[in-house]
Amino acid sequence: MTVSYVVSGFAVGLLVGLTGVGGGSLMTPLLTLLFGIHPSVAVGTDLAFASITKVAGTFAHRFKGTVRWDIVKYLSWGALPAAVASTLLLKHFGAVNDSIGELIRYSIAISVGLTVIALLFKGKLQVWLNKHPEKQLQGRMLTAATVLCGLVLGTLVTISSIGAGAVGATLLVLLYPRLSPAQIAGTDIAYALPLTAVAAVGHWWLGSIDWALLGVLLLGSVPGITIGSLAARAVPEKILRGLLTITLATVAFKLVW
């Protein structure tokens, strides 16, 4: 079983390195569907996994100057309180009981579905918004919408561990269509770091992190991400995105049915 976890961590890391899509969209469904791990434990372990792996990415983007810290601030205003509130609700209702496990399972399916939509339409949305600048939010409305998106993402990520990657990036495209791809990626990673860290601490408090499993997954994912990142330019992006979209759509269907 340990070898299976290492191989799974490597496979997810490889896909993350190749496509840039957050590992939660792949890792959490994998743990629940393939290994039968309780949804709460899968979510908590994946959040700890994400908070560790996003540290290097944040520092790299900070060094390159591709993080919009003002946007990170507004997203965090919504996301961090939402993460705390969601943790308290999970504590109140019992994070590891079967009924909450089913709720989390469905929330994972919804989050995976949103990731599929994000993968399909993010590029088209950005092109359309840049052609129609009159549709773009400005000033206080933009700030309020950013905080609200942070609140939604904070809730989604804490409950399902999914949403900080492709969904978060798509919301950034909708709100800030003039950002470069590097700025979208850097800002998305930078705000997701404190969010996943706060959510992971919450799940540690709830007792829903399997630390041994986390260590084994990291053992496989670190070399996977490294190899995937190095090989990314050699594999056509359209093929990878298409494969990933089909995989995630199948996962969402399987989680529901």
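The values are calculated or read from the model by the stated rules, or taken from the named source; none is laboratory data. On a predicted model such as this, the values are computed, not experimentally measured, just so you know. Using ideal geometry, Cβ is built from the backbone for each residue, glycine included, and neighbour counts are taken over all protein chains shown. Ligands, DNA and RNA are excluded from the accessible area calculation, which covers all protein heavy atoms including side chains. Shrake-Rupley method; radii C 1.70, N 1.55, O 1.52, S 1.80 Å.
Before moving on, here are some points about what is shown:
- For L217, the conditions (1) closer than 18 Å to P29 by Cβ; (2) at pLDDT 85 or above; (3) open to solvent by 60 Å² or more (accessible area, probe 1.4 Å); (4) not small (G, A, S) are fulfilled apart from (3).
- Within segment 40-89, the set of residues being of a type in the set (D, E) and closer than 14 Å to A199 by Cβ comprises D46 only.
- Restricting segment 174-192 to residues that are part of a helix (DSSP H, G or I) and among the polar types (S, T, N, Q), the residue that is farthest from T53 (Cα to Cα): Q183
- Scanning segment 155-173 for residues that are open to solvent by less than 10 Å² (accessible area, probe 1.4 Å), in a helix (DSSP H, G or I), closer than 16 Å to A42 by Cα and of a type in the set (V, I, T) gives V157, T158.
- Residues satisfying the stated conditions in segment 5-29, i.e. open to solvent by less than 50 Å² (accessible area, probe 1.4 Å), at pLDDT 80 or above and hydrophobic (A, V, I, L, M, F, W, C): V6, A11, M27
- Annotation note: Cβ proximity below 6 Å between a residue of segment 154-165 that is over 12 Å from R105 (Cα atoms) and a residue that is of a type in the set (A, V, I, L, M) and outside any helix (DSSP H, G or I) (sequence gap 6+ or interchain) occurs for V157/A164; G165/V21.
- For segment 58-69, the set of residues classified as surrounded by fewer than 18 Cβ atoms within 10 Å (Cβ to Cβ) and at pLDDT below 80 consists of F59, A60, R62, F63, K64, listed by residue number.
Matching residues to (1) over 20 Å from A185 (Cα atoms); (2) within 15 Å of the chain's Cα centre (by Cα); (3) buried (at least 19 other Cβ atoms within 10 Å of the Cβ):
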{"site": "L33", "(1), (2), (3)": "yes, no, no"}
{"site": "G36", "(1), (2), (3)": "yes, no, no"}
{"site": "V43", "(1), (2), (3)": "yes, yes, yes"}
{"site": "L47", "(1), (2), (3)": "no, yes, yes"}
{"site": "I71", "(1), (2), (3)": "no, no, yes"}
{"site": "P81", "(1), (2), (3)": "yes, no, no"}
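- Residue count for segment 112-154, restricted to those that are open to solvent by less than 50 Å² (accessible area, probe 1.4 Å), within 17 Å of the chain's Cα centre (by Cα) and either farther than 13 Å from T170 by Cα or at pLDDT below 75 (or both): 6.
- Among the residues of segment 192-214, the one identified as modelled with pLDDT under 90, within 16 Å of V67 (Cβ to Cβ) and open to solvent by 10 Å² or more (accessible area, probe 1.4 Å) is L193.
- Among the conditions (1) over 11 Å from the mean Cα position of the chain (by Cα); (2) surrounded by 24 or more Cβ atoms within 10 Å (Cβ to Cβ); (3) among the hydrophobic types (A, V, I, L, M, F, W, C), the only one that I189 does not satisfy is (1).
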